[in-house]
Structures are given as structure tokens and as C-alpha cells.
Amino acid sequence: MSRKPTARRRVAVLGGNRIPFARSGTAYAEVSNQEMLTAALDGLAARFGLEGEQVGEVVAGAVLKHSRDYNLVRESVLGSHLAAETPGIDLQQACGTGLQAAIHVADKIALGIVESGIGGGADTTSDAPVAVGDKLRRKLMKVNAARDTRGRLTALAQIRPTDIGLDVPRNGEPRTQLSMGEHAALTALEWRIGREEQDELAAASHQHLAAAYDAGLLDDQVTPFRGLERDSNLRPEATVESLAGLKPVFGKGEGATMTAGNSTPLTDGASAVLLGSEAWAAERGLEPLAFLVDHETAAVDFVHGNEGLLMAPAYAVPRMLARQGLTLQDFDFYEVHEAFASQVLATLKAWDDVVFCQERLGLDSVLGEIDRSRLNVHGSSLAAGHPFAATGGRILNVAANLLAQKGSGRVLISICAAGGQGVTAILER
């Protein structure tokens, strides 16, 4: 039996909230993902008068989770000022988690399944889960399954010193055993991304974020938490000259150009974004900041396909542009996640490369250059930090506010993610 297609409704981005991001092991060293996500949700509820209100659903996630956090989002909702009847859904796609969560909500709104929802995420590397090794875990499970003290003692006696080991989360790819930074260093070499241009991008990120804070442009986006009012990684005084003194931390020999200054640090934080139908927003007197009009997710074969780990957005964006009948230059702002300065620059360079666009993307011509003055105008991850699942919500909210401040226009969002993935979206106003 055939079904009539459901007409898609416009999806409004109504605003967002996050806590200041903190360098790992500092202000949030003893704070859990649940506490951070709850704080982000409470700040959002207070800002939009949602205390005690039920929204369609909250979709969020964390990349690094303890076993106790199997129902992280629902527990965060229950601990927040939102109505307890609000469903909570856990979702995870590495660094793309926050944006993918918002997309999940947006698609349900577009299809008329829900009228409103919240997308976001939280991550902490300070409170990262540490598990015992497989040998010890299996024997401890037998101890736990024993029915009496004698059985437990017998099971414990089977444990040997060689069984003891820890399984610590790693910022690396299981199939290549290379860290994300090591993969990015290979891409930087392939695309001949220089040290100075990376430091220029990093310095600009710090300066732009500091200027946005100073101008009060983030006052309705960030809620103070645990003594922080601004991101602790932010260095307003950063310059190309000061960054030039740092030693490379990824890559080898003279070709090593990636430093702690032009790469994102391990970070703790949480973010949340409110989305709704136009009717739901109007009923509550909320003016849409922007509308989420399209999105695209892509993946590349970084294991056997000779493509860079973080290059998937370079593939996702042209597919989305073709669907919308747009060019790469048809945007007022570009919000590109700064996992590494070299990765941003490699992506931009690829879009303007004839061989890449024709042979890898299958295009007739290059996508071309962008106006760099429109790139990450309020700073991005190099300055703010990158709590994996929280970054998408931060970027989405910044992008929507940029359009609201301008009054009209279009924003391209691009986020690379571990596993050779990328999540992209288009906002309009």
C-alpha cells in the first residue's frame, strides 16, 4: 500500500545554551557528563521559559561515557527543570554528535512528528571511563556471579598478576592505531599545509572569540558554571609570533607543523540547542534565529582508500550544495569546526583543487575559494576548545545567532568526525 509523502515543514533554530568549555583536568575535573548536560539544559530552560514544560524530545550524547551513563540524556532531563515527561534519546557520532542530534530533532519537526526539541551533547576527558582489561574483567564477572563466599573466593583465586590491566580511552583509530592528530599530520603533508598559515588561523580564532565575548555577542549563549564565565582555553593575546615558538606535537621531522597551539586541546563541556516548528515558536512568542534547511552526512575510506581521516566534509558539502542549487560562494558565513588548523586549511584547499574536485568528487570544475573574512568570525574550536559531543551545539547556535545579528543570509556548517565521517548543514534566514 502506497503512502502519501508528508510535506516537510520549516525547522526554526530558536536559540541555544552552553556552559563555558574548560581544559581537561581544570575547572570541571570532578564534574560528570550528566551534571554538565543538565546545567546546559537548565540554562536553556531558564532562557526560554521552559521550566516545567515538556518538549518533544531531547536528543544528545557523549563520546566518552561510563557504563552508568547508558541512559545519559534521559537522566539529565530528569535532573533538569524540564518536565519529567520529556523523552531523552542518546545518540553518538564522534565529533559530529551535537549537530547530528540537532538534525535528528529537526527531521522529526519537519515531518510533523514533534513540534519542538533540544539537540546537544556533553563530553569530559577529565572524568573519562577507565575499564579493566578483558582478562581481569572476565574473571571478575565470575566472582560477581558466584552464589556464596566460598564460590567468590574460589573465583578470586583464579586471578593472576598478568591478568591485571587497564583499558584507557584513546584518541585514536582502532583500525589504524594512529591518533587523530597523526592522521591530520598525514593530511597536512599531502596538501602541503604550512606552519605559518596554521598559526594564523589559530591566532585569528582566539582573537575573534575574545572579541565576541567582549562585545557581549555571547551573553545569551553561555551560562556561567563552576566559577567559569568564559572558555578557559581562550587566549586573547595569542599571535602568530607567540604560537611560532611552540614545538610540533604531531608529525615527524621537518614536515611536522602541528603544535598544541594550532590543534584543539582535550576539553570538558556541554551544549544544547532549542528547535521548533514555526507554529510552536509563534505560540510562545519566540522569534526564529534561523532555519535549518538541509544537512548531509558523509564517510570516507581512510583505512584502504587513501583519503584523510577528517576529509569527509569535503565530500558531504558538494552533495548538499547540488541538492540546494547553491555554489560554495553563496554563503554569508562559514562555520568550519577547527579540530586542527591544518584540517580546515586542507578542506578549503581541496575544494579549490581541480584534481580533487574532478577525480574524487566527480565534479566538472572546482568548488572554488571562500571569502576567508567570513570564516569562523566569532572564533571556533581552536579557541573555545572541543568537548567532542558538545561542539556541534556550540557551532549551530553561533551560526544561527550570526544570521539573527545580520538579519538575513545563509551559513554553511561543516564538522569533521572520527571514523572518517563528516556532518554538514545549511542555515538560512
* Asked: Regarding Gly276, is this residue farther than 21 Å from Ser414 by Cα, touching a helix residue (DSSP H, G or I) at 6+ places or on another chain (Cβ under 6 Å) and open to solvent by less than 30 Å² (accessible area, probe 1.4 Å)?
  -> no
* Residues that are under 19 Å from Gln93 (Cα atoms) and modelled with pLDDT of 95 or more: find the helices (runs of 4 or more DSSP H) completely inside the range 312-405 holding 2 or more of those. => 312-324
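Before we move on, is Thr176 hydroxyl-bearing (Ser, Thr, Tyr) and part of a loop (DSSP other than H, G, I, E, B)? Spell out the reasoning first.
Details: hydroxyl-bearing (Ser, Thr, Tyr): yes; part of a loop (DSSP other than H, G, I, E, B): yes.
Taking the combined requirement at face value, the residue satisfies it.
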* Structure fact -> Per the filter on the range 339-376, residues open to solvent by 70 Å² or more (accessible area, probe 1.4 Å) and of a type in the set (A, V, I, L, M, F, W, C) are Val354, Val355
* To do: Name every residue in the range 281-308 that is touching a Ser or Thr at 6+ places or on another chain (Cβ under 8 Å) and assigned to a loop (DSSP other than H, G, I, E, B), in order of residue number.
  => Phe302, Val303, Gly308
* Answer yes or no: is there a residue in the range 194-215 that is in contact with a Lys or Arg (Cβ under 8 Å, 6 or more places away or on another chain), among the hydroxyl-bearing types (Ser, Thr, Tyr), surrounded by 17 or more Cβ atoms within 10 Å (Cβ to Cβ) and more than 22 Å from Ala399 (Cβ to Cβ). => no
* Structure fact -> Result of the Cβ filter at 9 Å on the range 80-93, keeping first residues that are without any contact (Cβ under 8 Å) to a residue 12 or more places away in the chain and partners that are assigned to a loop (DSSP other than H, G, I, E, B) and open to solvent by 60 Å² or more (accessible area, probe 1.4 Å), at least 6 apart or interchain, is Ala84/Gln54
* Structure fact -> Of (1) modelled with pLDDT of 95 or more; (2) surrounded by fewer than 21 Cβ atoms within 10 Å (Cβ to Cβ); (3) of a type in the set (D, E, K, R), Lys252 fails just (1)
* Of all residues in the range 61-94 being within 14 Å of the chain's Cα centre (by Cα) and open to solvent by 10 Å² or more (accessible area, probe 1.4 Å), which is nearest to Ala417 (Cα to Cα)? -> Ala94
* So which residues in the range 299-357 are closer than 24 Å to Arg410 by Cβ and of a type in the set (Ser, Thr, Tyr)? -> Tyr315, Thr327, Tyr334, Thr347
* Asked: If Thr267 satisfies every condition in (1) of a type in the set (Val, Ile, Thr); (2) open to solvent by 20 Å² or more (accessible area, probe 1.4 Å); (3) under 30 Å from Ser126 (Cα atoms) but one, which is the exception?
  -> (2)
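Quick check on this structure: which one of Leu189, Leu234, Leu218 is at pLDDT 95 or above and open to solvent by 90 Å² or more (accessible area, probe 1.4 Å)? It would help to see each step written out before you state the result.
Working: Leu234 fails: open to solvent by 90 Å² or more (accessible area, probe 1.4 Å); Leu218 fails: open to solvent by 90 Å² or more (accessible area, probe 1.4 Å).
Result of the check over Leu189, Leu234, Leu218: Leu189.
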* Structure fact -> Output for Cβ contacts, cut-off 7 Å, separation at least six or different chains, first residue at positive phi in the range 9-21, second part of a strand (DSSP E or B) and open to solvent by less than 10 Å² (accessible area, probe 1.4 Å), reads Gly15/Leu274
* To do: Please work out if Gly422 is surrounded by 24 or more Cβ atoms within 10 Å (Cβ to Cβ), at positive phi and touching a Pro at 6+ places or on another chain (Cβ under 9 Å).
  => no
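The values are calculated or read from the model by the stated rules, or taken from the named source; none is laboratory data. What you see is a predicted model; the values in this text were computed from it and never measured. With ideal geometry, Cβ positions are generated from the backbone for all residues, glycine too; neighbour counts draw on all protein chains shown. Each accessible area value is taken on the protein alone, full model and side chains, heavy atoms only, with ligands, DNA and RNA left out. Shrake-Rupley method; radii C 1.70, N 1.55, O 1.52, S 1.80 Å.
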